[in-house]
Amino acid sequence: MAQNIYAPLDDLEKEFETLLPSHRIAFAACVCERMFPTYTAFYRMENWGNPSLLRSALDEIWQIAGGTPVDAARISQLIEVCESEDVIPHMDDFGCARYGGEAMFAACAILHTLDACPDPSPSHILKAVQIAFDTIDSAVYAEYYYSDNFPENIDEILDKEVPSHPWMIRELSKQREDLEMLKNASQLDREFLERLRNSSSSDGKSLIDAG
């Protein structure tokens, strides 16, 4: 993994301190929305997984961001079913599959966000956001893996390329945009959340252009 891709996380954690808990959840939900299409792309290619279950879990997260009280039992139930072996692809089985690792990251981001709903502390939310960077790192690695000549110095290449890759630049830009929208929103009403959510849909494409 490229080590310096996580440098922006320190600044993000400070920004989260200025946001209300519901706003933090909404921010993480946006990140999950940009990752989710990678899971559906993997599902279509491998005919494996359960995108409808993850979609329901993500919808629940958005409802909580909008003010629905956290039902601890419901959250625990969703986490339990989303953690099942037929939802998260195991790398022993799909490590060489296209989007296998990235689909796993998408599911894990939703799981981390669910887990953060009862306690949306900055450090808790940060776990979900970090996975977006893991996804980009994994996808850039895959571009080399599926090429004709896989370089021996792949770690050095990733350290150099990932932080300035168009996917990373775009994701960081979108995160800054989301932060500004949330900072300026005193309340997360339905219209605002719909606009925020739609801004992360990218016509069904994920943050690595899968979908």
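Coordinate-derived values only; no laboratory data. Everything numeric here is computed off the predicted structure, so don't read it as measured data. Virtual Cβ from ideal backbone geometry, glycine too; neighbours counted across all protein chains shown.
Contact order, relative form, for the range 1-157: 33 percent (alpha carbon pairs under 8 Å, 6 or more residues apart, mean separation divided by residue count).
Calculate, for Tyr146 and Ser56, the FRET efficiency according to 1/(1 + (r/R0)^6) with r their C-beta to C-beta distance and R0 41 Å; round to the nearest 0.05. For R0 = 41 Å, the calculated efficiency reads 0.80. At full extension, Ser201 and Arg44 could sit 54.7 nm farther apart than now, given 0.36 nm per residue minus the alpha carbon distance. Potential lengthening of the chain between Leu20 and Ala97 amounts to 23.8 nm, from the contour at 0.36 nm per residue minus the alpha-carbon distance.
For Glu156 and Asp209, the difference between the fully extended length at 0.36 nm per residue and the C-alpha to C-alpha distance is 16.7 nm.
Membrane-span-like helices of the chain, defined as complete DSSP H segments with a Cα extent of 27 Å or more along the helix axis and a mean Kyte hydropathy of at least -0.5, are identified as 21-46, 122-145. Annotation note: GluC sites (Glu not before Pro) in the range 98-152 located in DSSP loop regions with a Cβ neighbour count of at most 16 within 10 Å are Glu152.
Could you state, as a whole-number percent, how many of the C-alpha pairs of the range 159-211 are farther apart than 16 Å? Percent of Cα pairs beyond 16 Å in the range 159-211: 51. Rg and Dmax of the chain, both derived from C-alpha coordinates alone, stand at 16.7, 52 Å.
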